[in-house]
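First comes the structure, then the notes that go with it.
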Amino acid sequence: MIALNIPYLPDFSRYQRYLQSMYQSKWLTNNGPMVRELTERLEEHLGVNNLLLVANGTTALQLCYKALSIEQQAITTPFTFIATANSLDWQGISPVFSDINRESFNLCPTQAVKALNASTNAVVPVHVYGNPCDVAAFEQLGKERDVKVIYDAAQAFGVKVGEQSVLSYGNASVLSFHATKLFHTTEGGAAIFNSNDDYERASAMINFGIDQQTGEIISAGTNAKMSEAHAAMGLAVLDDIAFISECRLNHYALYKHLLGHQVSYPMWHPNSAQNGAYMPIVLASAAQCSAVYNALAKNNIESRRYFSPALNDIAHLSGNNSACDISTDIAGRVLCLPLYVALRPAQIHKICQVVLRALN
Ligand SMILES: *Cc1c(COP(=O)(O)O)cnc(C)c1O
């Protein structure tokens, strides 16, 4: 069997050394030494400030909406993981779906502008598969139309636009450190804020609304803290991040070499490099997509229809939404192939052989 995903496990004795220091300090949570060390190292590695570690990516999204006072409607993409829209819905904010760009599969800024109305508080674009969306256009939209821009960057670890981290755009960006992501802490996530004030407000909110410095209760709050044990995994994985990226990018390159123009791919941002987070392929038709999926399954190879269905086609979210034809079309023809460090080149050869045979 070839699994769709196998989480990266750092050397056990190195992980153990981090856990040992947690045992020695007897400090298990509440902004402990390892959460602080991971915060510093991630800010340095990613080239950002105001990074706040939290329990998971979904919580990080909810925290951003709360810290930035998003309350009514937010425009977002239907072509993403369900957490983007469900996190809005959970906070009592209506997700309004706007269609994607046919080439990049990211939220289309021109369509998003058309969907704006008096109740729109925010735009929540997603860097789908780690591919930066049109950040320049969304910056302009945010300023001109006075709406907040919050990026779901859950899949965009380590991605830059030009020389600058993709996380430095908008009012805030969110990362997921779930076990299956490129960088992980078992479960975990981060919110990155552009303004110090938003960061300070959010820091209190993740700890019941208690101000870090004064100990006073200054706002509404929840418990969204990352624990020391989770940060320990993060530190051990971050030690290997260069190796992880190299492996994934090599696998990605081998897939593209073997599949060539027989399938298509999302068009990447011209000013940004791949991060090797996912291996999406797009087939010519829904029927061809099913044929490839079934052929892989028959050969004990897992693949996933990521992201299908398009979220505007999901019952509890489709209330005030119109059709998003491009999203529905792409969601019907896209497939993600296995991509992770433990995958072997021979397995990629096998997977591509099955894909190509199913096409011909
Ligand atoms: C993984 C993911 C999330 C959710 O992150 P969790 O850490 O699992 O809560 C949200 N949005 C996108 C686009 C994701 O890929």
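Quick look at the numbers
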item: Residue in segment 188-202 that is farther than 23 Å from residue 274 by Cα, more than 14 Å from the ligand (Cβ to nearest atom) and of a type in the set (Gly, Ala, Ser) present; result: yes
item: Residue match in segment 151-167 (condition: polar (S, T, N, Q) and either modelled with pLDDT under 95 or more than 22 Å from residue 252 (Cα to Cα) (or both)); result: yes
item: Some residue of segment 261-279 being surrounded by 18 or more Cβ atoms within 10 Å (Cβ to Cβ), among the β-branched types (Val, Ile, Thr) and either at pLDDT below 95 or in a strand (DSSP E or B) (or both); result: no
item: Segment 86-103: number of residues that are closer than 10 Å to residue 61 by Cβ, of a type in the set (A, V, I, L, M, F, W, C) and surrounded by 16 or more Cβ atoms within 10 Å (Cβ to Cβ); result: 1
item: Residue in segment 111-129 that is surrounded by 17 or more Cβ atoms within 10 Å (Cβ to Cβ), farther than 30 Å from residue 246 by Cα and without any contact (Cβ under 8 Å) to a residue 24 or more places away in the chain present; result: yes
item: Members of segment 68-82 found to be within 28 Å of residue 270 (Cβ to Cβ) and either open to solvent by less than 10 Å² (accessible area, probe 1.4 Å) or of a type outside the set (Phe, Trp, Tyr) (or both), listed by number; result: 74, 75, 76, 77, 78, 79, 80
item: Test: residue in segment 41-48 that is at pLDDT 95 or above, open to solvent by 10 Å² or more (accessible area, probe 1.4 Å), assigned to a helix (DSSP H, G or I) and within 12 Å of the ligand (Cβ to nearest atom); result: no
item: Top-ranked residue in segment 99-120 [being of a type outside the set (A, V, I, L, M, F, W, C) and closer than 21 Å to residue 175 by Cα; ranked as nearest to the chain's Cα centre (by Cα)]; result: 106
item: Pair list, Cβ < 7 Å and 6+ apart or interchain, from segment 308-319 residues that are of a type in the set (Ser, Thr, Tyr) to residues that are in a loop (DSSP other than H, G, I, E, B); result: 308/332
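The values are calculated or read from the model by the stated rules, or taken from the named source; none is laboratory data. Here the structure is a predicted model, which is why all the values come from computation and not from measurement. Don't worry about glycine lacking a Cβ; one is built from the backbone with ideal geometry, like all the others, and counts go over all protein chains shown. The area values use the complete protein model at the heavy-atom level, side chains included, leaving out ligands, DNA and RNA. Shrake-Rupley method; radii C 1.70, N 1.55, O 1.52, S 1.80 Å.
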